[in-house]
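A.B. asks: This is the structure I want to talk about, given as C-alpha cells.
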Amino acid sequence: MESAVPQHLKIRKTPIQARSGATVEAINEATIQVLLADGLTRLTTTRVAHRAGVSVGTLYQYFPNKQALLFAILQAHFEEMAAAIECIDLQNGKVPLSELADSIADAYVSVKESNPDATRALYRVAGAIDQARLSPDIFSRLEAATVRLLKNASDASFSDPIRTAFTLLAALSGLSRASFARLEAGFEVLERLREESRIFARAYLLAAQNATPSHQGIGFKE
C-alpha cells in the first residue's frame with residue numbers, strides 16, 4: 001500500500017550509516033524533550049537542533065520542517081508498538097485466549113509506560129496532526145500482528161479476526177489516552193492501566209469470539 005504521507009512531511013533521506021542513524025535518533029529524542037520542556041506551540045526546528053547538539057542545517061538534511069519532525073516521532077512510536085506485539089512468543093503452538101489477551105494488553109501498555117513523559121508528549125502530537133497521513137503500513141502491521149495472535153488461540157476462534165483486532169486495539173488506545181491524561185493525579189493511574197487493560201482484553205475477546213461476522217475489517221488508528 002502506498003504511503004499516505006505527503007512528500008513535504010517525509011524524511012528527506014534515510015540514514016544508512018550508523019553515524020547518520022544516531023543523528024536522526026538524537027533529533028527524534030530532542031523533539032520529544034523540547035515538547036516536554038516548552039510545549040507544542042514553542043517547538044521549533046532551531047530549538048530541536050540545539051537540544052540534539054546538531055546544526056539547523058544538519059537537521060534540515062533529514063527533516064524539511066517542524067511537522068515532519070512530529071510525524072517522525074509518532075511514526076517511530078507506532079513502529080515500537082507494532083514490534084512489541086509482533087514479538088509476543090507463541091512458543092510454537094496454540095495459546096489459551098486468556099493468556100493471549102494478557103500478552104496483547106501487556107505489550108501495548110509496556111510501550112506506553114516505558115517513558116510516561118514521552119507518551120504524554122506524543123499524545124499531544126497525535127491531537128495536533130492528522131494521523132491518517134501516517135503510512136498505512138504501520139497500522140497494517142499492528143492489525144496483522146494482533147490477528148496472528150487471535151488465530152492461535154487454543155480455546156477460541158473468531159469469525160472476523162480483523163474486526164476483533166481493530167476494536168481491541170482501538171479500545172486499548174482510548175483507555176491508555178484517558179489514563180495518561182490523568183497522570184498528574186499520580187503514577188498509580190498507570191498501575192491501574194495495566195490491570196484494566198488485561199481485564200478489558202480478556203472480557204472483550206471472550207465476547208467477541210461469538211460475534212456476528214462483519215463484511216470486512218477496518219484499519220486501526222491510535
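A.B. asks: Here is a list: 119, 146, 164. Which entry is open to solvent by less than 20 Å² (accessible area, probe 1.4 Å) and in contact with a Lys or Arg (Cβ under 7 Å, 6 or more places away or on another chain)? Steps first, please.
C.D. replies: Working: 146 fails: in contact with a Lys or Arg (Cβ under 7 Å, 6 or more places away or on another chain); 164 fails: in contact with a Lys or Arg (Cβ under 7 Å, 6 or more places away or on another chain).
Answer to the check: 119.
A.B. asks: Consider only pairs whose beta carbons are under 9 Å apart and that are at least six residues apart or on different chains; among these, list those whose first residue lies in segment 50-75 and is closer than 14 Å to residue 40 by Cα and whose second residue is in a helix (DSSP H, G or I) and among the aromatic types (Phe, Trp, Tyr).
C.D. replies: These pairs meet every condition: 68/62.
A.B. asks: Look through segment 190-222, keep the residues that are assigned to a loop (DSSP other than H, G, I, E, B) and open to solvent by 60 Å² or more (accessible area, probe 1.4 Å), and return whichever of them is modelled with the highest pLDDT.
C.D. replies: Of the residues in segment 190-222, the ones assigned to a loop (DSSP other than H, G, I, E, B) are 209-222.
Still in the running and open to solvent by 60 Å² or more (accessible area, probe 1.4 Å): 210, 212-213, 215-216, 218, 221.
On the way: 210: 69, 212: 54, 213: 52, 215: 47, 216: 47, 218: 45, 221: 49.
It comes out as 210.
A.B. asks: Has segment 61-72 got any residue that is buried (at least 16 other Cβ atoms within 10 Å of the Cβ), assigned to a helix (DSSP H, G or I) and touching a Pro at 6+ places or on another chain (Cβ under 8 Å)?
C.D. replies: yes
A.B. asks: (1) open to solvent by 20 Å² or more (accessible area, probe 1.4 Å); (2) under 30 Å from residue 38 (Cα atoms); (3) under 16 Å from the mean Cα position of the chain (by Cα): which one isn't true of residue 187, the others all being true?
C.D. replies: Exception for residue 187: condition (3).
The values are calculated or read from the model by the stated rules, or taken from the named source; none is laboratory data. Please read all numbers here as calculations on a predicted model, not as lab measurements. No Cβ is skipped: glycine too gets one built from the backbone with ideal geometry, and neighbour counts run over all protein chains shown. The area values use the complete protein model at the heavy-atom level, side chains included, leaving out ligands, DNA and RNA. Shrake-Rupley method; radii C 1.70, N 1.55, O 1.52, S 1.80 Å.
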